[in-house]
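Working notes for the structure below.
The values are calculated or read from the model by the stated rules, or taken from the named source; none is laboratory data. These numbers were taken from a predicted model, which means no experiment stands behind them. The area values use the complete protein model at the heavy-atom level, side chains included, leaving out ligands, DNA and RNA. Shrake-Rupley method; radii C 1.70, N 1.55, O 1.52, S 1.80 Å.
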Amino acid sequence: TAAAHAESRHQCHAVDPRGRVLIAYGVYNNGDLKFAEGDGAAWSIQVIDSAGASNNGVPLKLALDGLGNPHIAYTLPTGGSSAYNLKYASRTAGGAWAIAELRPTGDNCSLPGLALDGDGNARVTYYSYASNNDLRHIRYNGTSWSAPQVIDQSQNGLNAMTLDGAGNIHLSYYSGAP
């Protein structure tokens, strides 16, 4: 926790199979997505992606695949704190990060959820401000990302997602509907 101090508003953590603590966090004042890992004696911190602008932080979720490789779903501001792109970063066993833009600025995404299926493929939920505040879901099939699927259209917000053994999505989320 020494890595994600006062500069962070959003953070997620996990412990990998080697016992290392992994923390993904967004920097409040410049839009950086940072990743820290510690072994109990020292921390290694790197910038994965950057918006290069002051914002409200970087909403994100972190998950580990079966080999302990980190995957992060996150949103970064573009042109100010009111327009966000949905992005996905994954690190391979070799240590390189791959970044994909999942939804462009026009969808104005925020508050992502993330789960990995048994094959390590990502399932991402997000809140789309540009389309009636829908809660949406997209999935990676190993080669490409699906089109967004609307889950709910009732002023949604924070969400938590998990998958069962058959890969079915299970969600809990805030809904503005009575």
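Backbone phi angles across the stretch 29-45, fed through the Karplus curve with coefficients 6.51, -1.76 and 1.60 (θ = phi - 60°), yield HN-Hα couplings of 8, 9, x, 6, 9, 10, 10, 10, 9, x, 10, x, 10, 8, 10, 10, 10 Hz in residue order; Gly and Pro are listed as x.
For D119, the solvent-accessible surface with a 1.4 Å probe is about 130 Å², rounded to the nearest 10.
Between A51 and D32, L33, the built amide H atoms are under 5 Å apart, and every one of these is 5 or more places off in sequence or on another chain.
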